[in-house]
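Student: Shown below is the structure under consideration.
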Amino acid sequence: MKRLTSFFKRVLSQQGDYPSDSLIETLDEGHLATSLRRRPVPMHQNLAQPIEALLNISCPDPTAEEMLRDKHQRSAQRLARQERWADLAEMIYHADQNREMTPGAMPIADLMAFGARADVVLAVEHALQDGRPPKGAPMMAGIEALEYILSEFPGNYVIAAIVAQAHIDIGWAWRGTGWDAELSSQNREAFSAHFDRARDILKPYCGQALDSPLLAATCCALVGGTEQGRLTVADLYEKLIDLNPSNPRSMRAMGNYLLPRWCGSYAELELEARRTAARTQSIWGAGGYTWVMFDAIACDDQACANLDLPFFIEGLRDILDRRADPYTTNLLAAYCANAVGLTFSGNDEADQVRTQIADAARWIVREYLTELHPMIWAHAARGFDNNLRVHSLSRFAASGRDDAMRIISMLFQREISSGQKIVFTETGPVAMAS
């Protein structure tokens, strides 16, 4: 069991962001890798003073959602570093079985599973940040240590999911987001090898009637690494969505993988979006259709051009009628105004749809926005790319805040032009005399 601790000490001691050897096993808060940390964003950084004077909106940093997510990631990371795998597996099991989620609808079991493998995966991502590892980089030490943990817990689906997810993450780190033809043979072979190993680990579990969204999500994650999933992707995701229909990320992932570039077709995408809306109507209203289409239309012109726009907009309203928390409100506002609204491709049909989706940002902000989440807006400006490498979180968040303030000020141009300022309260924005 000490193999992973040995790996942590060797890898973490090589990176200045990590604590010294003496702290590894007794860490209380954990010293997170860059992608898990939140840094203060100055309220006035890179922002023109006139906008500050015209818009008065709370900009918590970190937000309540971010703090809660980091808490669960850190707790799992700490237990993994202390080799307390039995305790960690039990905590994740209960969170998974009870469908525990943050207010922003992020499954806590997923957060903890990420924290458990974070050091191993991030060490590989760091080594591959230039596309190929430097000589002597510990590319296999961490995953071999996790494999040893797997052998210590036979039949434990939580541990199996963690190790399989680590292989999947490392596989994507090797592959990157470029076209397949651009990959070197070394990177392609590493990608395939890690996905093959993840598939072997999950083989005893995938297909079984286990009541586990975590396990189902891990099995679905294999789809991106094989052509064999073309006929089953909709079925796999349907089972996952039915296990926890309150989690919109499963619907978003299914929509993405049903694009022709991956495992589906435009006809399948439309069909499954409508079927999902029907199955989740009691929870989301028409929102199931919107969630399935969410990422697909943001990155595919034809999917966007084919969209049933009135149904999509109805879904936006139904989502916010049921879950108008600050995270979801910022997500939908940034998506409409930035991820879709500022993405024009020259495809007339798609761009016309994008323009009308962008218009939805006006009523979302005016009716629901109470505080600003810069990180969401920054990610929206970059298409919610999960593989995006951010070198400075403070500058990244500042760019999101600048974008949001500029866009929001445009949405209140009439009031501002008449000499009023906009104050965002707990119940929404109010125009006041400046």
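No value in this document is a laboratory result; all are computed from the given coordinates. On a predicted model such as this, the values are computed, not experimentally measured, just so you know. Cβ sites come from the backbone with ideal geometry, for glycine too, and all protein chains shown count toward neighbours.
Student: Please list 3J(HN,Hα) in residue order for the stretch 424-434, calculated via the Karplus relation 6.51 cos²θ - 1.76 cosθ + 1.60 where θ = phi - 60°; whole Hz, with x for glycine and proline.
Tutor: Taking θ as phi minus 60°, the curve returns 8, 9, 5, 10, x, x, 10, 7, 10, 5, 8 Hz for the stretch 424-434.
Student: Tell me, what ³J(HN,Hα) does each residue in the stretch 309-316 have, in order and in whole Hz, if you take phi through Karplus 6.51 cos²θ - 1.76 cosθ + 1.60 with θ = phi - 60° and put x for Gly and Pro?
Tutor: 4, x, 5, 4, 5, 4, x, 4
Student: Quickly estimate the mean residue ellipticity at 222 nm for the chain, helices only: each DSSP H run with n ≥ 4 gives -39500 (n - 2.57), and the total goes over all residues, rounded to 500.
Tutor: Taken over the chain, the calculation gives -18500 deg cm²/dmol.
Student: Give the list, by residue number, of cysteines in the chain with no other Cys Cβ closer than 4.7 Å, or say none.
Tutor: Lone cysteines by the Cβ rule: Cys59, Cys220, Cys263, Cys299, Cys304, Cys336.
Student: Taking θ as phi - 60°, what are the ³J(HN,Hα) couplings along the stretch 74-89 by the Karplus curve (6.51, -1.76, 1.60), each to the nearest whole Hz, with x for Gly and Pro?
Tutor: Using θ = phi - 60°, the values come out as 5, 4, 5, 4, 5, 5, 5, 5, 8, 6, 9, 6, 5, 5, 5, 4 Hz.
Student: Tell me the Kirkwood hydrodynamic radius of the chain in angstroms, computed as one over the mean inverse distance between distinct C-alpha pairs.
Tutor: Its Kirkwood hydrodynamic radius stands at 22.9 Å.
Student: Nearest 5 is fine: what % of DSSP beta bridges in the chain come out antiparallel, could you say?
Tutor: In the chain, approximately 70 percent of DSSP beta bridges are antiparallel ones.
Student: Let me ask something additional. Ranking request for peptides 347-355, 251-259: highest mean number of other beta-carbon atoms within 10 Å first, then the rest in descending order.
Tutor: In decreasing order of mean packing, 347-355, 251-259 become 251-259, 347-355.
Student: Between Ala190, Ala164, Ala333, find the one with the highest GNM mean-square fluctuation for the chain; connect C-alpha pairs within less than 10 Å.
Tutor: The residue with the greatest mean-square fluctuation here is Ala190.
Student: Using a ≥ b ≥ c from the Cα gyration tensor of the stretch 113-248 (square roots of the eigenvalues), is it rounded, prolate or oblate, where a/c under 1.5 gives rounded and otherwise the larger of a/b and b/c decides, a/b for prolate?
Tutor: Details: a/c = 2.05, a/b = 1.37, b/c = 1.50.
Note, shape of the stretch 113-248 comes out oblate.
Student: Taking H as built 1.01 Å from N, whose amide H comes closer than 5 Å to the amide H of Met101, not counting residues under 5 places away?
Tutor: Ile108
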